[in-house]
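Worksheet: the structure to be examined is printed underneath.
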Amino acid sequence: QVRLAESGGGLVPAGGSLRLSCAISGRDGQHYLLGWFRQAPGKEREFVACIGWTSDGTWYADFVKDRFEVSKDTVEPTIYLQMNNLAPEDTAVYFCNADLRYAAGSFISGPYWGQGTQVTVSS
């Protein structure tokens, strides 16, 4: 069983930055792919970024590339999402997810979710 707890959301003006954190517990630190999804009002949940726990690989959705950076701390253990140059269309609830997999050209969510953290970007 993996437990995830996000923090760091809030209200920022367009062009601002936020850093989300996801504290991870359970399964004695044996993790695979960990990442972030987001869900805006009235829209489906979508992949944002992910990182390999035992590798240095990182992957991003096209719409966040060069603005967001996913990183990890294997000692804590925690993953982060640094979000820069935020725009109103980035407004969403951001969810941490564990055990993503890659299939048919897309990242598919794993079974473990955090409770989500709200990010609101004002114009």
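Annotations for the structure displayed:
- Full extension of the chain between Gln115 and Ser7 yields a length gain of 37.9 nm, computed as 0.36 nm times the residue separation minus the alpha carbon distance.
- Net length available on complete extension from Arg67 to Thr54 is 2.3 nm, with 0.36 nm assigned per residue and the Cα-Cα distance removed.
- Whole-angstrom Cα spans of the chain along principal axes, big to small: 42, 32, 26
- Mean Cβ count within 10 Å, highest first, over the residues of peptides 5-11, 42-48: 5-11, 42-48
- What a 1.4 Å probe finds exposed on the chain is 47% carbon and sulfur by accessible area, rounded to a whole percent.
- A 1.4 Å probe run over the stretch 43-113, with the rest of the protein chains in place, finds 53 Å² accessible per residue.
- Residue-span extension gain [Arg45 to Thr74] - 0.36 nm each, minus C-alpha spacing: 7.8 nm
- Burial order of peptide ranges 108-121, 84-97, 61-74 (average beta-carbon count within 10 Å, highest first): 84-97, 108-121, 61-74
- Cut-off 15 Å between beta-carbons: net charge of the residues surrounding Ala23, Lys and Arg +1, Asp and Glu -1: +1
The values are calculated or read from the model by the stated rules, or taken from the named source; none is laboratory data. All values derive from a computational prediction rather than experimental measurement. Ideal geometry is used to build each Cβ from the backbone, glycine not excepted, and the neighbour counts take in all protein chains shown. Note: accessible area is taken over every heavy atom of the protein model, side chains too, but ligands, DNA and RNA are not part of it. Shrake-Rupley method; radii C 1.70, N 1.55, O 1.52, S 1.80 Å.
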